[in-house]
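Note sheet for the following structure.
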Amino acid sequence: MEAERKELLEFLLDHLEEGVVLLDAVGRVLEASGPALAIVQVKGGRLVSPELQGAVERALAEGFSEGVASVYLPGRRQVKYKAVRRGGEVVLLVRDVSHEARLSSLGSDLVASVSHELKTPVTGLLLLAEALVEALAARDPRAREFASRLLGEARRLKALVEDLLDLARVEKAGFRKRLLPRHEVVREAVERVSSLLAERSVRLEVRVGAGEVWGEREGLVSALANLLDNAARYSGPGSRVWLDAGSSGSWDFFAVRDEGPGIPRDEIGRIFEPFYRLDPSRSKGGTGLGLAIVKRVAEGHGGRVSVESRVGEGSVFAIHLPAARPEGREGEGTGGGGGA
């Protein structure tokens, strides 16, 4: 009976879409299913991929880890993984999502092409609207009002095109990671939203821990700036926003807390969808793509985004990134798509 159960278990594991790897308390491979060995390489009892080995180490330390890794077999594959600690061992589930990533890339190419074609005429429209406002400054107040509204819509359209290009970039291009001073990422992100904070009279309080983060400068700065932008837009005049950047265990984090209206629990699962708005009739002037960009950047770095919110009490958004740098992989590019 025991032999039959073992044979049935092996049959099931070999026919699952996901590969299964069992590792011990020091990260050595004990067992691996057939589908797993078709996706990952094992050498000397260890996973060859530094990203997957890092995921196992985080699971041993924290109990859980998931994300998307680039694996070279040869040939680059996008592998979605989930590592869970069970007693003194780790169960690693892996699935090749390269095909889905290629299909997503085709969509990103189309969005990028259309957005690029729109960029020049939109910039021209913005310049014309600014000139029109100046020309009508001393004339009919109604004409000036219409021109000002035109200028506002032109600015919003320009922001939308830029965010579409950003989203296409993070979904397609991958990230060239390196060690970055944490305070520089924070400083550049704050600079990008300083005018919005001043315009809305929102006070920003910043606390940054010493040290470095492993990631791509533009991607991390863009993601953090989007969180700050979102917090500023949903906070009332004179309110405060808090930014906390540091490390905890095997993770680095950037957390942004606001005093906004909060998010209903049943809406939290959808706020990272492109163009999704909690209340379309009360748009705060954003493009609807900021949080989607944040999620793609976090996952492209092997991390995740968390949200804590209560209606009427504000929200806390946090980007969590693996703190450990893969040894010997300076400047490595990893996939920017997929998700946990």
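The values are calculated or read from the model by the stated rules, or taken from the named source; none is laboratory data. All of these numbers come straight from a predicted model, not from anything done at the bench. Quick reminder, even Gly has a Cβ in these numbers, built from the backbone with ideal geometry, and neighbours come from all protein chains shown. For the accessible areas, the whole protein counts, side chains as well, though only heavy atoms, and no ligand, DNA or RNA atoms are used. Shrake-Rupley method; radii C 1.70, N 1.55, O 1.52, S 1.80 Å.
If you check Gly219, Gly303, which single one turns out to be touching a residue at least 60 places away in the same chain (Cβ under 8 Å) and within 26 Å of Leu60 (Cβ to Cβ)?
Gly303
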How many residues are under 20 Å from Ala298 (Cβ atoms) and assigned to a helix (DSSP H, G or I) if we restrict to the range 188-225?
-> 14
For the range 232-258, enumerate the residues that are closer than 24 Å to Glu299 by Cβ and either out of contact with any helix residue (DSSP H, G or I) (no Cβ under 9 Å at 6 or more places or on another chain) or open to solvent by 40 Å² or more (accessible area, probe 1.4 Å) (or both).
-> Arg233, Tyr234, Asp244, Ser247, Ser248, Gly249, Phe253, Arg257
Just checking, how many residues over the range 293-317 are in a loop (DSSP other than H, G, I, E, B) and of a type in the set (Lys, Arg)?
-> 0
Is there a residue being among the small types (Gly, Ala, Ser) and either at pLDDT 90 or above or open to solvent by 40 Å² or more (accessible area, probe 1.4 Å) (or both) anywhere in the range 173-183?
-> yes
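Tell me, please, whether a residue that is part of a helix (DSSP H, G or I), under 17 Å from the mean Cα position of the chain (by Cα), at pLDDT below 90 and not basic (Lys, Arg) can be found in the range 261-268.
yes
Can you pull out every residue in the range 40-63 that is in a loop (DSSP other than H, G, I, E, B) and of a type outside the set (Gly, Ala, Ser)? So that I can check it myself, show each step before the final result.
At the first step, the residues of the range 40-63 found to be in a loop (DSSP other than H, G, I, E, B) are 40-41, 44-45, 48-49, 63.
The answer is Val40, Gln41, Val48.
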